[in-house]
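Scroll down for the structure; my scribbles are underneath it.
The values are calculated or read from the model by the stated rules, or taken from the named source; none is laboratory data. Everything quoted here is computed from the prediction, not taken from an experiment. Glycine gets a Cβ as well: all are built from the backbone with ideal geometry, and neighbour counts include every protein chain shown. Ligands, DNA and RNA are excluded from the accessible area calculation, which covers all protein heavy atoms including side chains. Shrake-Rupley method; radii C 1.70, N 1.55, O 1.52, S 1.80 Å.
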Amino acid sequence: MVRYSIFLVLYSIFASAGTALAADVQMSIQPQLISLLDRAVLKIEFIDCKGSAVDFPEVDGLKIQYQGQSSETRIVNMRSSSKVIHSYLITPSKTGDFPIGPVIAQYKGGEKELTGRLRVIKKADDQEAQELSELMFSEISSNREAPHVHEPFGLELKVHIRDGIQIDGNFSIRGGMPETGMDGELQWNIAGRERKEIKGSIFNVYTLVTTAKTLTAGTFAFQPEVQLNVVIPRQQRRSWGFDDPFFGDMFGRQETRPVVLDCNKLDIGVRPVPTVGRPESFTGGVGVFDFDVQVGPTEVKAGEPITIRMRIAGEGNLSQITPPTIADSHDFKLYDARTVESKNPNEIRFEQVVIPKSGSVTNIPPVSFSYFNTKTTDFRTLKQGPFPVSVQAVAQQAAQVIASMPSTIQQETKILGRDIVYLKPLPKKWNGSNETAWHASTLFKVLLALPALLLLAVAGTTARRNTLQNNVALARRQKAPKAARKHVQLAEQALRKQDGAAFHEAMWNALADYFGHRLNLPPGDVTLQAVLARVPDEKDAIASLFSTIEQRRYGIQPETDPQDEMKALLNRLSTTLKKCERMKI
């Protein structure tokens with residue numbers, strides 16, 4: 001028994017020593033040869049030891065993104081071996097032979113210098129493209145060089161895709177637009193598609209258009225980050241780009257890769273509306289307008305209403321125009337003008353009621369509308385009227401006085417037999433002094449305090465709204481759960497339809513939108529490193545979610561049943577986001 005115990009102790013010591021000697025760190029890049037539209041996976045494996053992720057220096061032409069951590073344990077011939085694996089995704093933006101590293105990986109008991117190399121080549125039938133920006137890019141332009149405040153101006157965004165590259169047809173503007181000073185969010189629409197030759201190559205050109213207005217003067221920079229999804233055949237071993245007829249068409253395995261396009265920067269200087277020469281009848285109109293006024297009915301009696309209908313049509317800031325004013329007169333009673341709904345988006349209508357007080361009124365005073373003309377860059381005044389009306393006077397009726405005739409009927413006096421006659425009969429019930437009066441009841445006190453409570457509620461709501469308008473980070477923080485919930489619902493729908501691609505895309509959007517709003521990050525800056533740097537807890541769960549979702553989006557299949565994994569992944573996402581909601585970040 002003693003010998004057996006000594007044997008176990010010695011075996012444990014030598015096994016521990018063997019494990020310590022076997023500790024190693026390795027770096028691998030697969031595949032090591034890719035095209036511009038492919039990606040490579042870099043892994044750092046800590047063998048029989050533990051280590052943290054490594055920060056790679058920037059490499060011109062490559063984007064290296066950390067995807068997360070995984071672990072692996074093997075038992076061979078009664079000996080166990082474990083690995084801690086840190087995965088990275090490499091996205092090229094130009095061709096070339098790129099050295100990666102050296103970087104130092106530290107682990108318990110030592111450190112190791114790691115280096116690697118990745119070669120990015122052109123597509124076999126592409127003789128010119130050396131960078132991704134030569135295959136896909138976007139350009140933005142405007143139809144106005146120097147618009148005025150509140151003046152609408154058009155923006156045109158042309159997306160160029162080299163012929164032969166397949167996309168899924170979805171475009172999203174992820175950033176690069178002015179954050180303040182704009183009148184509402186820009187709504188982009190696809191206006192057309194054409195084929196165009198550029199430097200000897202054929203491009204498919206998609207045109208997106210929108211209309212913008214500013215609330216203030218100044219210089220506004222537009223450099224939209226257009227993101228689209230490139231459809232690439234998924235290949236089992238090495239990937240040679242796109243349009244592979246064997247792997248892509250025969251087996252039909254494809255994946256989508258999100259790509260953010262380069263775009264030029266467009267600076268637009270917005271001029272203020274001048275104050276010199278501004279007429280008193282100016283009501284805020286900026287653009288080019290027509291003005292029309294109709295009055296009716298034209299034959300009324302004194303005291304009956306007449307309606308003035310005003311219509312302003314044209315191109316400009318119709319929503320910011322206030323009603324033209326009518327000169328006040330003692331002959332009329334004027335009511336405030338109101339806006340009338342119109343089905344035509346290029347016009348605005350107003351109505352105002354006037355009441356003539358006497359038959360001496362013969363016309364309605366003229367109505368003037370002044371606006372700033374953006375084509376001639378001066379103020380213009382449009383005048384309508386005066387409008388003739390016929391007002392019939394109303395005859396005044398003489399006051400009639402009715403005299404009281406004395407009654408000839410002598411009422412008989414009845415002697416009641418007592419000296420005092422009570423005008424009020426004896427009440428049937430007397431209230432005791434201990435009963436509470438109505439004005440001292442609890443209900444009356446609650447009703448009395450209700451207006452003050454409502455006032456406090458309105459003040460609190462107004463203060464909260466002003467706080468959210470002035471604090472963008474707080475406003476985005478409160479949008480985070482709702483933004484994530486929308487994509488989680490889409491993921492649940494995709495799960496029921498067993499649509500794995502749509503499921504993982506919705507899961508990724510839920511992560512990106514939640515942490516983008518929660519951490520006040522621009523859409524393109526939502527990366528695992530940025531999230532882990534700000535979130536105090538649940539780092540492993542978050543890293544695992546990022547890693548798993550990213551791997552599934554780019555074709556790495558799970559070892560278990562996909563449907564079961566998607567259900568578990570959805571539960572993990574919901575649980576993790578609920579825990580993040582309770583964190584103080």
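Before moving on, here are some points about what is shown:
- Cα centroid separation, the stretch 297-317 to the stretch 479-503 (Å): 53 Å
- When you count the other C-beta atoms within 10 angstrom of each residue and take the mean per peptide, 153-159, 267-273 line up highest first as 153-159, 267-273.
- Calculated on the Cα set of the stretch 472-582, radius of gyration then Dmax: 13.4, 43 Å.
- Computed from the Cβ-Cβ distance with R0 of 60 Å, the FRET efficiency linking Asn143 to Leu448 stands at 0.45.
- If you take all other residues with their beta carbon under 12 Å from the beta carbon of Arg476, and give Lys and Arg +1 and Asp and Glu -1, the sum is +2.
- Here's the picture: a label point sits 7 Å out from the Cα of Ser71 along the beta-carbon direction, and within the stretch 551-585 nothing has its amide nitrogen under 15 Å of it.
- For the stretch 282-392, the dipole from Cβ point charges (+1 on Lys and Arg, -1 on Asp and Glu) about the Cα centre works out to 20 debye, to the nearest 20.
- Surface calculation, 1.4 Å probe, protein heavy atoms: Met507 sits at approximately 0 Å² accessible.
- Solvent-accessible surface (1.4 angstrom probe) belonging to Asp163, in square angstrom, nearest 10: 70 Å²
- Lys/Arg +1, Asp/Glu -1 at C-beta; the stretch 457-585 dipole; positive extreme among Met583, Ser544, Leu495: Met583
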